[in-house]
Structures are given as C-alpha cells and as structure tokens.
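Remarks on the structure that follows.
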Amino acid sequence: MSEDVLILGIESSCDETAAAVVRNGREVLSNVISSQIDLHTLFGGVVPEIASRKHIEKINQVIDQALADACVTLDDITAVAVTYGPGLVGALLVGVAQAKAIAWAKDLPLVGVHHIEGHVCANFIEHQELEPPFLCLIVSGGHTHLVIMKDYGEFEILGRTRDDAAGEAFDKVARAVGLGYPGGPKIDRAAREGNPHAIEFPRAHIEGAPYDFSFSGLKSAVLNYLNHAKMRGEEVSVPDLAASFQNAVVDALVSRAVMAAKEFGYRQIVLAGGVASNTALRRGLEEACRKENLAFCFPSPVYCTDNAAMIGAAGYYEYQKGVRSGWELNAVPNLKLGERAF
C-alpha cells in the first residue's frame, strides 16, 4: 500500500455530490455519487442555491462511504484532489472547503483539478493502454471542445462552441417539446422511436474556424419549426423531431472530430463529457472511425456524468507532475481549460 498513490477525489461542481478513491490514476477503489436530479426536475433545471445546500448535506456522507467502500481510512490517502472549476460557484465552494479541511487536518497535499480535464481523464480508468497525446472531443452540458491532449494536464484547443454547448441545446429543446429535465437522456430515448431524417435541421459552419461549433441556430430552427406547426395547427411528432435534432448535433460533432483527426495525423478519437453517454453520438463516432480506420474509445456512462473517480484520476497525474494547491485555493466558476488559477 505504501508504494501506491491513493487519491481521494471530490466533485461538487453542479448537482452531483461525489467522492472516490483512485489508486495510481487508473484503478477505482470506490466511486460514490449522490445525485440531485429528482430534486431539480421539479424546477425544470438546476437551481444553484438548492444544489449548494444539498452538497453541504451530503458531502460528509459520500466521503465516508467512499473511504469505507475502498476499505481505507484518511491515514492511507496520499493526496486530496478536488474540482475547483468550472461550475456553479456555490456548489464548487462546498467541495473545495471540504478538501482543504481534510488536507489541513491530515497534513495531506491538496490538488485542484479542472472539471473538464477530469472528464478527459475518465478514459484512463477503463482504457489502460491510453496515453497522450491524442485527439479528444469533449461534449457536456456546459462545454463543447475539440482538443489535443498533448500531455497529462496539457491541452491545445482546436475548436469550441461559440454559443450554446451541445448539452445545453439538448436541455433547451427537450424543454420546448415538453420532455422536461434532464434533456439529454430524454431526447436520446425519444429519438430511438423517430426518423432522424424526418426534418432537415441546419448545421452551422463558421468561416475561418472549421473546428468551432455553434448550436444556437439549430436550437432556433427547432423552436421556429414548433411555432410554425402550432400556427398551422399541425401535430408534431416528438420522436421524429428529437431524432432529427439529435442527428444534426451528432453530425456537427462527428464531422469535425474526424476532420481534425485526419488533418493533425491522429489515429484515435477519444470521447469525454456528460453527452458522451448519448447512444447516437457513440454510434455515429464509432461508425465514422471504422470507415476512416481510426481507433475510438469512450468511458462507461457512470464515468461520463459528473463523478469523483475522474477527478481522482486527473488529480493523480497532476500530483505526479508536482502540482500542489495552497490554502488560497478558491472556486473559479469560469475556469478555462488549460488555465490554472493557483
């Protein structure tokens, strides 16, 4: 045990309170998640104040459970890793404060982790052979990035969304058609019964920025379609609309990822983020990679949504590089990928 590096990971950036124990960056000894989805569904989306209060209620419980599931105590932990951005500021503060308290009390190194870096590192848990550099498509509720992970903790951003993130567009469209929250899984399920070519929604292309994304126009096109149908008294097939909308999003994501892999000479595409659990996106990327003879990997759904195992994995590599956070570590809600605020 003394030769191993055990990271206690803590995640509280949005509406999941999570803790995990990760050994040597790739072996998950425990991964405990307390989700608030049922609570926020009542309001049609995440209410920041409620999320923060729930994190305070649950944080001690999930950490205790993570340690118990891993059959370790805080005396066995090498370092504490915690998400400090981006995310909801109040939610982030709960995890950061807890991590600082544990690190101070047990005289442990403290490592602040970028939430999106954690999503990328989730792939290391189940793909033991995966090593940077590689091309990664990151798709979540708040972020849509196409990046090269040049080394652990080092990223080159090739493209990003200019407006709505893909996951955000899923939520807004789901709300518009009456599917409710959370939008991503509900659109995914409805789309399985629909025709993805029933409605041809637009795909945005940004001049001079071939790897950037834009989903606000697509969202507006869906809303216009719904309004026109309502004015004409026509019934809208929700499965067809969901499938057609999802097809447009997947097409935009897959085409750019494959184009970047070919241009920059990468033979593998890695998928990360909450929307990485979308079945159409997984299938679309898998088929495109097969046609282009590219390798493709992605995490299991439990490691796609917010979790602390991915923070423990990312924290391990930051720890190994000598990264340490001071007691001034604070929540940074708008932290950009590749930036370090300590």
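The values are calculated or read from the model by the stated rules, or taken from the named source; none is laboratory data. These numbers come from a predicted model, not from an experiment. We place every Cβ from the backbone using ideal geometry, glycine too, and count neighbours over all the protein chains shown.
For region 177-195, give me each residue that is buried (at least 17 other Cβ atoms within 10 Å of the Cβ) and either within 24 Å of the chain's Cα centre (by Cα) or touching a residue at least 60 places away in the same chain (Cβ under 8 Å) (or both). Step through it out loud before you land on a result.
At the first step, the residues of region 177-195 found to be buried (at least 17 other Cβ atoms within 10 Å of the Cβ) are 177, 179, 181-188, 190-191, 194.
Selection gives 177, 179, 181, 182, 183, 184, 185, 186, 187, 188, 190, 191.
What is the residue count in region 316-342 for residues that are among the basic types (Lys, Arg) and either more than 20 Å from residue 8 (Cβ to Cβ) or without any contact (Cβ under 8 Å) to a residue 24 or more places away in the chain (or both)?
Within region 316-342, the first condition is being among the basic types (Lys, Arg), and the residues that meet it are 321, 324, 336, 340.
If we keep only those that are either more than 20 Å from residue 8 (Cβ to Cβ) or without any contact (Cβ under 8 Å) to a residue 24 or more places away in the chain (or both) too, we end up with 336, 340.
The total comes to 2.
When the residues of region 210-223 are filtered to those that are free of Cβ contacts under 8 Å to residues at least 40 places away in the same chain and touching a Pro at 6+ places or on another chain (Cβ under 7 Å), which remaining residue is surrounded by the most Cβ atoms within 10 Å (Cβ to Cβ)?
Keep residues of region 210-223 that are free of Cβ contacts under 8 Å to residues at least 40 places away in the same chain, which gives 217, 220-221.
Going one step further and asking which of them are touching a Pro at 6+ places or on another chain (Cβ under 7 Å), we end up with 217, 221.
Details: 217: 14, 221: 18.
Ranking the qualifying residues of region 210-223, first place goes to 221.
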Among helices (runs of 4 or more DSSP H) entirely within region 17-109, at least 2 residues that are of a type in the set (A, V, I, L, M) and more than 16 Å from residue 305 (Cα to Cα) occur in 48-69, 89-106
Region 123-167 - residue that is within 12 Å of the chain's Cα centre (by Cα) and not hydrophobic (A, V, I, L, M, F, W, C) and, of those, farthest from residue 336 (Cα to Cα): 123
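Here are 288, 313, 309: which of them is farther than 21 Å from residue 24 by Cα and surrounded by 15 or more Cβ atoms within 10 Å (Cβ to Cβ)?
Details: 313 fails: farther than 21 Å from residue 24 by Cα; 309 fails: farther than 21 Å from residue 24 by Cα.
Result of the check over 288, 313, 309: 288.
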For region 224-245, indicate whether the set of residues that are within 26 Å of residue 118 (Cα to Cα), crowded, with 22+ Cβ neighbours inside 10 Å, touching a residue at least 60 places away in the same chain (Cβ under 8 Å) and in the same structural domain as residue 146 (by TED's automatic domain parsing) is non-empty. no
Unique residue being at pLDDT 95 or above, outside any loop (DSSP other than H, G, I, E, B), on the phi < 0 side of the Ramachandran plot and acidic (Asp, Glu) when the list is 240, 171: 240
Among residues of region 26-58 being touching a strand residue (DSSP E or B) at 6+ places or on another chain (Cβ under 6 Å) and not polar (S, T, N, Q), the residue nearest to residue 182 (Cα to Cα) is 33
